[in-house]
Amino acid sequence: MTVPHDPSAPDQSDADDVEGRPCPKCGAQPGSPCRSRSGAVASAYHTGRFTKVPRLAKLLRVPTPADRGPGQPWRPGTPPPAPIDPDLPGADIRIG
């Protein structure tokens, strides 16, 4: 499942966009940073992962932010929330 970038979400960082997709190299699932061969959090995201984000595709390297703990033992992250089905009724429907 891919999570498209929402330009209206100002809190969406490059790292969030990259981590919204699985990594084809290390197998990190959405919501987790990439991991190195030694099992630690990688210092930069793998190219096959960040090139799937159109605005980052031409960059040569996307570093892993410090809050993701590069160099620390890797642990699975929290997967991003599933997108809401637009066909489901919202809270703004009143019957009465």
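A few remarks follow.
- Lone qualifier among Gly71, Gly90, Gly27 - being at pLDDT below 80 and of a type outside the set (Val, Ile, Thr): Gly90
- Residues of the stretch 62-82 that are surrounded by fewer than 10 Cβ atoms within 10 Å (Cβ to Cβ) and not hydrophobic (A, V, I, L, M, F, W, C): Asp67, Thr78, Pro81.
- Count of residues meeting criterion [of a type in the set (A, V, I, L, M, F, W, C), in a loop (DSSP other than H, G, I, E, B) and closer than 18 Å to Pro80 by Cβ] in the stretch 27-68: 4
The values are calculated or read from the model by the stated rules, or taken from the named source; none is laboratory data. Nothing here was measured: the structure is a model prediction, and the numbers come from that model. Using ideal geometry, Cβ is built from the backbone for each residue, glycine included, and neighbour counts are taken over all protein chains shown.
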